[in-house]
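Worksheet: one structure, shown below.
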Amino acid sequence: MKRLLEYTGIESDRLQFSWISSAESTKFVKVVNEVTAKVKALGPNKRFVKKEAKVA
Amino acid sequence: MITFKINGQTVQGEEGQYVLQVAQKYGIEIPTLCHHKALEPAGMCRLCTVEMFDGRRSRFVTACNYPIWEGMEINTDTESVHQGRKLIVELLMARCPEVPILQKLGKKYGIEKPRFRAEDDTCILCGLCVRMCERMGNSAIELTGRGVEMKVDTPFHTQTDVCLACGACASVCPTGHITLDKIRDEITKKKNVHLIPSEYDMGLKGRKPVYVPYAQAVPNTPAIDRDVCVHFKTGGCQVCTEFCGVNAINHNMEDEIVELEVGSIILAPGFQPFDPSKFDSYGYANHPNVITSMEMERLLSASGPTGGHLVRLSDHKDPKKIAWFQCVGSRDLNRCDNSYCSSVCCMYAIKEAVIAKEHAGDSLDCAIFYMDMRTHGKDFERFYNGAKEKGVRFVRSRVHTIDPVHGSDDLSVRYVNDDGSLQEEKFDMIVLSVGLETSPEVVQMAKKLGIELTEGNFCKTSTFEPVATSKPGIFVCGAFQGPKDIPQSVVDSSAAAAAAGEILAPGRNTTTKQPVKIDEVNVMGERPRIGVFVCRCGINIAGVVDVPSVAEYAATLPFVEYATDNLYSCAQDTQDTMTQIIKQKKLNRVVVAACTPKTHEPLFQETLINAGLNKYLFEMANIRNHDSWVHKNNPELATQKAKDLVRMAVNKVGLMQPLQEAELEVNQAALVIGGGISGMTAARSLARQGYETHIIERGERLGGQAHNLYKTISGDLVADKLAELVADVEQSKNINVHLNSELTALDGFVGSFKSTVSSNGSQKEIVHGVAVIATGGAPLQTEEYCYGQDARIMTSLELDQRMKADDPALAAAKTAVFIQCVGSREPQRPYCSRVCCTHSIDNALELKKRNPDMNIYILYRDIRTYGEREYLYKEARGRGIIFIRYDLENKPQVEVADGRIQVTVTDHVLGLPVAIEPDLLSLATAVVPNRDDKLAQFFKVPLNDDGFFVEKHAKLGPSEFATDGVFLCGLAHYPKPIDEAVVQGRAAASRAVTLLAREKIKTSGQVAQVDPMMCSSCGVCVSICPYSAPSFIPADARMHAGKAQINAVLCKGCGLCVASCRSGAIHLKGFDNDQIFAQISAVSWE
Amino acid sequence: MSEWEPKIVSFLCNWCSYGAADLAGVSRMEYPPNIRVVRIPCTGRMSPKFALAALREGADAVWVSG
């Protein structure tokens, strides 16, 4: 899946997977923070967005 | 009602309210430091100063204590108000330059450095603490002195008895001037001031007097701890009542005595962990780095006091080396009275060690000091082997003393190694694996009820009635029955329920009430008319999210006909109003933006049903748990997120379709496969509860392996008890026994199975609603240890047979040897057979009884006499039976030559080979399952690598399968002694009755459905479904032959087949592609 | 918008991560307000199509959690 994204030109970090049990709220918060930080580092998603796809 | 204006906006308030209260209601911000909702305002900090126009002139008033009146005009944000506040902040800042909240205010008002001379105070004399203390009904502190001398203090500046050290003053102090430390050192005379220990976090964390015991508590409502609540000491406080939006708090509630008439009682009081503080040598009471295993559980837990970060308590450093000490408070008569084995500690210690390594990384050194490693549960031995591979060290030694290392927080232990050498090792922390014991309160209760206890203070039961107490009608389950782990407790509890159900069967369904049915409105083909209800949840949501604007926004979304906000959507009156609105506005889809669907979806679906709507025309937007509660410092983005979530829900709900829940009659008969002890117990329980039951047994008689057993550990002859059970089964009018029978075909599913049984060559068909698999096990056929070469070498069961027959050769034998783990715990069979240690020891004791002079040797790897079986082990040692331990790498050697048997084993203490010439050699051969792949295929239930059936859930569903309507018990699940087989038989019956008693099964509407026109018959769904819901339509069917179909009754709606269908032929109702796409596409609309 | 805030479409399993998210709320933890949750019955329901759709619709990232 991540490779498919790379192929379409989307940074693979834009897709994240994790496993959290329903009791692990702390882990949930940790992962949200991590994911958000990673995406912020990547900046806005520019490729493949519908508007641009129409133009292309 | 008084109407006036704030900042030009017309507002309303009640007579007697103050300006600040009304402003807060309308979300108009007025800064204040000394205001508290529960206290009378005092106007001390002056920060809430606003401008008031009375029609003729303007003047400044403090908003917190200025009462409202008709027609007044308030301005909170004029230039002069701003200037006034700036001056106040500047003065306060000069007085207390280090206080963060004042620094923050200073920044807001653009003050870099106050123009006045800086002092170094931290108190702004707002008097909040004094008013709060007064409210506590206490008045321990006062504003003392005058003018510049004024300060918060106790009368005459002395420590006082009056102070309760409740901490209320510190909790309201805006500047941090008052701290708990100061209260302890300067104010109260109570020396032992500490946090209220949280029971759930084993005291590693504090809790409040008003508290929810733990996050997942049921019911999830707070309770007031009367022992610590200030109100119950002084009559004051009751601050909580001011904050509860629904007036739910009543301090005058009294304990109530409720009388219930019941036909049966089930005791499930559980255990208490052993308190190791009485062991001085371990220093648990005074060394913070010696903790109990229960404390370790909390330290490792993500919801624990450290959020799952493993630290040691003395200095919060990451530990590098941790040791576990087993058998603390178990198997120990010298230092405590618990001589039994607590059964669960070995396994939990290994689990904790493995998790600790997962948390802290592989470099963490974990060592477990133990006597015998007892991993006798299903798949436990594998876990033990896995832990060794992961580098957990296992040291066979009982450590007696822990010495603190001088000058550090480390701990030193000295122990004797396997080879007899003395070792000394340092650890960062030590975990005491504390045992299970019955609490004194439970012992009291048992006395009151008049039920007998064992010598370990557990409830006395018998092998064939393991959940019955000594008093008829009173049953027991869980750790009060004997120390045990979760799966065993779950099995027990089901069995106890069945035992009670058996005697109460005639009363079933006699007090059931039927709800009134409301006809469903047909909305098919209608344009969506969506109603959106946004919940304020008191202040839980509205305190952060701008609820009215979310409702306003929702009204603008496509197809939304109606949108509003509610104070508490889940309140009964709101529910009634919602029902009315749905009917009036002819809404056909509903969105509730409130809390989590996991707890509240069923409630709102009920509202839809009451309004005549199909309950699946509904969607929730979780703007509390996922929004207001987690973004409280970001109201703007939280409101934005709430709008997004509502939009997503609205976009999805428009596509929701009414779904039908199929109803299915449950055939009221049961089929039990296997006529051994557990199968017969299951059948008897089902029959006693009034259900027709069929037992099919392969052999020519009922009883299975029990025929080979001599006596139970409590001394009863198995044959007698077995005969009673067989007679019960044969005489029951509800049970049909089919001997010499086999299942040759199976059709159908839960509620309507059709089995073809071949008996003695003839075929019959049995229709049944549920099935219990009890196919049992058998002793391993072995050739190891010269078995078969000499009549004096026998298996444990053969020894039982000889005892039964009273073989005179037994008493004549001079020397007997028992070899344990024959075929168990080996690479090809990596499980413990659970019963053999107890069985061999019991047989050894029987031999001693028959011939007290006999020399008896038991060659073992670990003795696993778990629970109160430990007493037998102790007795065996007391009677001079010799236990010699061997390793898997160095097994005993057996030779038969010249009519003599010679056993050679290397003694672990001496390290030298010992040769024994026994007249009797008993081999504890492994218990192997009667592996039945055909049966597994019939019922589509899985087998594990060892050939045992795999239950639904290792902990919570041990007596049932993931496939609905199929249940499991006995040795087919895992090796177990008679009492556990009996319990599980009843447990399987109990689980089966939960289906049978319903008579009809209602399926969920959210199930997968195949579009046969699209299906390519590839079979991926059939093979991937964990619940066996998809199947192929038979090739000779008139329609769609060979295509897949999904049985709505079996489908759990997980969507696995939908995602994996290559043809896009499967749809998941309620979570279909278009619905999820609709949600996705709504995310980014602006 | 003064500062760019990403939008992350999160697919959470009803039984696992969705429960964890609920509990995070109950425990009043705080985290960045960038995720938008789509509740799915099980991560088995997750299909690559959903991830691609989310990215196409302008989400800045996709997070799948079981």
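Looking only at region B:1047-1071, residues that are within 14 Å of another protein chain (Cβ to nearest Cβ) and either in contact with a strand residue (DSSP E or B) (Cβ under 7 Å, 6 or more places away or on another chain) or touching a residue at least 60 places away in the same chain (Cβ under 8 Å) (or both) come to 12 in all. Residues in region B:346-388 that are of a type in the set (A, V, I, L, M) and in a helix (DSSP H, G or I): B:MET347, B:ALA349, B:ILE350, B:ALA353, B:VAL354, B:ILE355, B:ALA356, B:ALA360, B:ALA387. Where strands (runs of 3 or more DSSP E) fall wholly inside region B:705-788, the ranges with 3 or more residues that are under 30 Å from B:LEU920 (Cα atoms) and either not basic (Lys, Arg) or not assigned by TED's automatic domain parsing to the domain that holds B:ARG986 (or both) are B:777-779. Restricting B:GLU561, B:GLU526 to those that are within 27 Å of B:ASN651 (Cβ to Cβ), surrounded by fewer than 20 Cβ atoms within 10 Å (Cβ to Cβ) and in contact with a Lys or Arg (Cβ under 6 Å, 6 or more places away or on another chain) reduces the list to B:GLU561.
Looking at region B:837-865, which of its residues are assigned to a helix (DSSP H, G or I) and out of contact with any helix residue (DSSP H, G or I) (no Cβ under 7 Å at 6 or more places or on another chain)? Write out each step before concluding.
We begin by selecting, within region B:837-865, every residue assigned to a helix (DSSP H, G or I); these are B:837-850.
Matches in region B:837-865: B:CYS837, B:LYS848, B:LYS849.
Residues to consider are B:SER494, B:SER489, B:SER470; find the one that is outside the structural domain of B:PHE967 (by TED's automatic domain parsing) and in a loop (DSSP other than H, G, I, E, B). Going through B:SER494, B:SER489, B:SER470 in turn, just one is outside the structural domain of B:PHE967 (by TED's automatic domain parsing) and in a loop (DSSP other than H, G, I, E, B): B:SER470.
Only one of the numbered conditions (1) buried (at least 24 other Cβ atoms within 10 Å of the Cβ); (2) part of a helix (DSSP H, G or I); (3) small (Gly, Ala, Ser) is not met by B:SER343, and that is (2). Could you check B:ARG834 against (1) in a loop (DSSP other than H, G, I, E, B); (2) of a type outside the set (Phe, Trp, Tyr); (3) without any contact (Cβ under 8 Å) to a residue 12 or more places away in the chain and say which number it fails? Every listed condition holds for B:ARG834 apart from (3).
Scan B:ILE673, B:ILE609 and give me the residue that is on the phi < 0 side of the Ramachandran plot, in contact (Cβ under 8 Å) with a residue 24 or more places away in the chain and out of contact with any strand residue (DSSP E or B) (no Cβ under 6 Å at 6 or more places or on another chain). After applying the criteria, what remains is B:ILE609.
Go through the residues of region B:414-428 one by one and say whether even a single one is in the same structural domain as B:PHE475 (by TED's automatic domain parsing) and of a type in the set (Ser, Thr, Tyr).
From region B:414-428, those in the same structural domain as B:PHE475 (by TED's automatic domain parsing) are none; that's our starting set.
Checked against the condition, which is being in the same structural domain as B:PHE475 (by TED's automatic domain parsing) and of a type in the set (Ser, Thr, Tyr), region B:414-428 yields no hits at all.
B:VAL817 meets the conditions (1) assigned to a loop (DSSP other than H, G, I, E, B); (2) surrounded by 17 or more Cβ atoms within 10 Å (Cβ to Cβ) in every case but one. The failed one is (1).
Does B:ALA642 meet the test of being crowded, with 24+ Cβ neighbours inside 10 Å, in the same structural domain as B:THR556 (by TED's automatic domain parsing), over 11 Å from B:VAL592 (Cβ atoms) and not polar (S, T, N, Q)? Quick ask: steps written out before the conclusion?
Numbers: crowded, with 24+ Cβ neighbours inside 10 Å: yes; in the same structural domain as B:THR556 (by TED's automatic domain parsing): yes; over 11 Å from B:VAL592 (Cβ atoms): yes; not polar (S, T, N, Q): yes.
The answer is yes for B:ALA642.
Does B:ILE518 fit the bill of being under 30 Å from B:LYS585 (Cβ atoms) and crowded, with 20+ Cβ neighbours inside 10 Å? When the stated conditions are applied, B:ILE518 does not pass them.
Tell me the strands (runs of 3 or more DSSP E) entirely within region B:600-677 that contain at least 3 residues that are away from chain C (no Cβ under 14 Å), under 21 Å from C:ARG39 (Cα atoms) and of a type outside the set (S, T, N, Q).
Answer list for region B:600-677: none.
When B:PRO558, B:PRO483, B:PRO528 are screened for being touching a Cys at 6+ places or on another chain (Cβ under 8 Å) and either under 30 Å from B:PHE271 (Cβ atoms) or assigned to a loop (DSSP other than H, G, I, E, B) (or both), only B:PRO483 passes.
Quick one: in region B:645-674, which of the residues that are of a type in the set (Gly, Ala, Ser) and surrounded by fewer than 22 Cβ atoms within 10 Å (Cβ to Cβ) is modelled with the lowest pLDDT? Step through it out loud before you land on a result.
Taking region B:645-674 as the starting set, the residues that turn out to be of a type in the set (Gly, Ala, Ser) are B:649, B:654, B:662, B:669-670, B:674.
Filter once more, so that each one left must be surrounded by fewer than 22 Cβ atoms within 10 Å (Cβ to Cβ): B:662, B:669.
Details: B:ALA662: 82, B:ALA669: 97.
Across region B:645-674, the extreme among qualifying residues is B:ALA662.
Yes or no: B:PHE1071 under 30 Å from B:ALA642 (Cβ atoms) and modelled with pLDDT of 90 or more? Don't jump to the end; show me each part of the working.
Details: under 30 Å from B:ALA642 (Cβ atoms): yes; modelled with pLDDT of 90 or more: yes.
Against the criterion (under 30 Å from B:ALA642 (Cβ atoms) and modelled with pLDDT of 90 or more), B:PHE1071 qualifies.
For region B:909-933, filtering for residues that are under 25 Å from B:ASP379 (Cβ atoms) and modelled with pLDDT of 95 or more leaves 8. Each residue in region B:1024-1048 was checked for being among the hydroxyl-bearing types (Ser, Thr, Tyr) and modelled with pLDDT under 90, and 2 of them qualify. Please verify whether B:ASP807 is of a type in the set (Asp, Glu) and in contact with a Phe, Trp or Tyr (Cβ under 9 Å, 6 or more places away or on another chain), treating the condition exactly as stated. When the stated conditions are applied, B:ASP807 does not pass them.
If the condition is being within 28 Å of B:ASN843 (Cβ to Cβ) and polar (S, T, N, Q), then region B:707-759 contributes B:ASN708, B:THR712, B:SER714.
Taken over region B:295-305, residues that are crowded, with 19+ Cβ neighbours inside 10 Å and either away from chain A (no Cβ under 14 Å) or part of a loop (DSSP other than H, G, I, E, B) (or both) amount to 6.
Here's the yes/no breakdown for (1) in contact with a strand residue (DSSP E or B) (Cβ under 9 Å, 6 or more places away or on another chain); (2) within 7 Å of another protein chain (Cβ to nearest Cβ):
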site	(1), (2)
C:VAL26	no, yes
C:ILE40	yes, yes
C:MET46	yes, yes
C:LEU52	yes, no
C:ASP60	yes, yes
C:VAL64	yes, yes
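Would you be able to tell me the number of residues in region B:937-987 that are under 24 Å from the mean Cα position of the chain (by Cα), of a type in the set (Phe, Trp, Tyr) and at pLDDT 95 or above? Write out each step before concluding.
Keep residues of region B:937-987 that are under 24 Å from the mean Cα position of the chain (by Cα), which gives B:950-964, B:967-969, B:973-974, B:980, B:983-984, B:986-987.
Retained after the next criterion (residues that are of a type in the set (Phe, Trp, Tyr)): B:961, B:967, B:974.
Remaining after also requiring at pLDDT 95 or above: B:967, B:974.
So the answer is 2.
Quickly run through region C:1-24 and pick out the residues that are facing chain B (nearest Cβ under 8 Å) and free of Cβ contacts under 8 Å to residues at least 12 places away in the same chain. Within region C:1-24, C:GLY19, C:ASP22, C:LEU23, C:ALA24 meet the criteria.
The sole residue among B:THR122, B:THR144 that is β-branched (Val, Ile, Thr), in contact with a His (Cβ under 8 Å, 6 or more places away or on another chain) and not assigned by TED's automatic domain parsing to the domain that holds B:CYS237 is B:THR122.
The values are calculated or read from the model by the stated rules, or taken from the named source; none is laboratory data. This one's a predicted model, so the numbers in the text were calculated from it and none came from an experiment. We place every Cβ from the backbone using ideal geometry, glycine too, and count neighbours over all the protein chains shown.
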